[in-house]
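Quick notes on the structure that follows.
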Amino acid sequence: MSDPFDPDRFDPERNEPDPLEQFDLDPDRLTDDFTFEESTDESMGLSSENAPPELKTMFWKLVLFYKVSLIGVTLGALLVLFDVRADNGMMVLLGSLALLGYTLYLSWRGKHRVEEGEFETDDEEAGDAGMDTGDPV
């Protein structure tokens, strides 16, 4: 039986193909294969200036509620886990979990309001009226 660690077994003259040779790694050629279309958010109607103020308010309220609830859940769990003011930690944890549940409900309700088109501006409604829906006339 041969020893796999035998130094005589290693042949430095053996020509194995370089694994990187099978790839063309020329940086100029790599970038030629990709073409990107220049587009701006304004061309797609995604500008924040176009958003209704009520939608912006709802968004930032949700951001604030998510941050406060996640920080509270983390802090409350750590206070309870390390038994440092565990009573206060439990109140913070339960209050933050309630806020997180309320925030999830607000997100769900807001998503349905957006899907129903409650926040559409006059520009979008005028643009949708002229679009072809594909229905035969």
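Just so you know, all these numbers are worked out from the coordinates, no wet-lab data involved. In this text, all values refer to a predicted model and were calculated from it rather than measured experimentally. Backbone-built Cβ (ideal geometry, glycine too); neighbour counts: all protein chains shown.
Charges at C-beta only: +1 for Lys and Arg, -1 for Asp and Glu. How large is the resulting dipole of the range 52-117 about its Cα centre, in Debye rounded to 20?
Details: 7 positive and 5 negative charges, 39 e Å.
I would put it at about 180 debye.
Got a sec to turn the phi values of the range 59-74 into Karplus ³J(HN,Hα) couplings, 6.51 cos²θ - 1.76 cosθ + 1.60 with θ = phi - 60°, whole Hz, x for Gly and Pro?
Using θ = phi - 60°, the values come out as 4, 5, 5, 5, 4, 4, 4, 4, 5, 4, 5, 5, 5, x, 4, 5 Hz.
Of the listed peptides 106-117, 65-76, what is their order by residue-averaged count of other C-beta atoms within 10 Å, with the highest listed first?
Details: 106-117: 11.8, 65-76: 15.8.
Per-residue Cβ counts within 10 Å, averaged per peptide and sorted highest first, yield 65-76, 106-117.
Any chance you could list the semi-axes, whole Å, largest first, of the equivalent ellipsoid that the Cα gyration tensor gives for the range 52-117, using √(5λ)? Write down the numbers at each step before the final one.
Numbers: eigenvalues 192, 20, 8 Å².
For the range 52-117, the ellipsoid semi-axes come out as 31, 10, 6 Å.
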